[in-house]
Structure formats: C-alpha cells, structure tokens
1. Return yes when Ala202 is assigned to a helix (DSSP H, G or I) and touching a residue at least 60 places away in the same chain (Cβ under 8 Å) and no when it is not.
2. Can you tell me which of (1) open to solvent by 20 Å² or more (accessible area, probe 1.4 Å); (2) modelled with pLDDT of 90 or more; (3) in the same structural domain as Ala164 (by the TED database) is the one Leu95 doesn't meet?
3. Go through the residues of segment 105-119 one by one and say whether even a single one is surrounded by 12 or more Cβ atoms within 10 Å (Cβ to Cβ), over 17 Å from Phe166 (Cα atoms) and among the aromatic types (Phe, Trp, Tyr).
4. Is there a residue in segment 169-187 that is without any contact (Cβ under 8 Å) to a residue 60 or more places away in the chain, assigned to a helix (DSSP H, G or I), in the same structural domain as Asp96 (by the TED database) and surrounded by 14 or more Cβ atoms within 10 Å (Cβ to Cβ)?
5. Scan (1) assigned to a helix (DSSP H, G or I); (2) of a type in the set (A, V, I, L, M); (3) over 20 Å from Ile113 (Cβ atoms); (4) open to solvent by less than 70 Å² (accessible area, probe 1.4 Å) for the single condition Ala84 breaks and write down its number.
6. When only residues in segment 29-57 that are over 19 Å from Arg118 (Cα atoms) and of a type in the set (D, E, K, R) count, which is least open to solvent (accessible area, probe 1.4 Å)?
Amino acid sequence: MSTHAAARVAAPTRREQILREAARLFAERGFHGVGVDEIGAAVGISGPGLYRHFPGKDAMLAELLVGISERLLDGGRLRVTEDAARGDGSPEALLDALIEGHIDFALDDRPLITLHDRELDRLRDTDRKRVRRLQREYVEVWVGVVRALYPGLPENEARVTVHAVFGLLNSTPHLARPEARPGREATAALLHRLARGAFAAAADPS
C-alpha cells in the first residue's frame, strides 16, 4: 500500500474526532447551545477529558474555522503547482480542478459552512483576521486561474464572479433534505456545471 493510500484509510485521531463532532453539534445547535460534556459524550470521553486536547470550546471553534481556511488555500495552491509542474496543463483543466476541490468541501464539510456563517464573529480578533486573510488569498488563487482562461475578463469582475461562485457552492447546507435531492455524484456534477456557467457568462456578457 502506498503512503498516500495508507493516509486515506488511517483512522482519525482523537483530536480529529473531537473537531468533527464539535462542528456537527455547533452547526446543529449553535455554539452556545452545546456544552463540553456533550462533545465529550459524542466521542466517548468525559467532558473534562477534552481539556487534554483543547483548552475549551473557543479553541475548537478557532481550529475548525482557521483550519478549513488553511486547507482550502493549501489545496488550491497545490492544484496550481501540480498543473505548472506538468508543463502541458491548461487553465480550463485547472479551473475544473479548483471547482471540484471546492465542491468536495461544500458537500462533505457542510457543518463548517454553517459555522462560518453563524460563528465567525465569535473568534478572537487575531483568529478572525487570519481567517479573512486566508480567504482573500484563496480568492486570488481562483482569480488568477479564471483570468488565465478568460483574459478579457477584468480583474475586478473576475473577483466578483469568484465570490458569487463561492456563494453558489457554499449554499449546500440550505439544500433540500437528503432524500429530496440528487445523489452526491449528481449534485456535484450539477454544481460544477453551474459554476462553469457563471464564469462563462461573466466572460461573455452578450
């Protein structure tokens, strides 16, 4: 088994389990509606046992929101680097890769989208500014790729379109009940077509 394959099948660490359950509970009931004991119960440890991993709920929230912002930025930059290393990459294929990566996040980490919308202002000022900085850098990764594919699209319009596409993709927590919407693969394909359509429309306003 390759190192990458082993990493994919490795069981989550206790810290990762705590963060996953904290995200789910915070998204369902709000940050102040969840106690440390409840998070501990969700992962099978006592509430006080959580303090061996995190000093409190505020630290969990900060790690969740800063962490996903770092992960998105790192993933975007990695796709750009890999495309450049191939030497024969295309802006279109790279944009598709960025869209696919963000769709994976939007479908698989919906609680984090809800957390960002509801709880970002609860972060310490330094953490909130860090999240905003990481998000701006992530947007600029996309803007560069979009303008490489559509060189006639002004930079400010490309940036607005990227934000609009993020709004579209990040709407997943508000989709219909799971049983009332297409399966994951069909939903991902639909979101991808909508995102590409938005960029094409911005580049060709006629």
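The values are calculated or read from the model by the stated rules, or taken from the named source; none is laboratory data. None of these values were measured; they are calculated from a predicted model. Cβ: placed from backbone, ideal geometry, glycine included. Neighbour counts: every protein chain shown. We work out accessible area using only protein heavy atoms, side chains counted, and drop any ligands, DNA or RNA first. Shrake-Rupley method; radii C 1.70, N 1.55, O 1.52, S 1.80 Å.
1. On the way: assigned to a helix (DSSP H, G or I): yes; touching a residue at least 60 places away in the same chain (Cβ under 8 Å): no.
It is false that Ala202 is assigned to a helix (DSSP H, G or I) and touching a residue at least 60 places away in the same chain (Cβ under 8 Å).
2. (1)
3. No, the conditions are met nowhere in segment 105-119.
4. No, the conditions are met nowhere in segment 169-187.
5. (4)
6. In this case the residue turns out to be Glu38.
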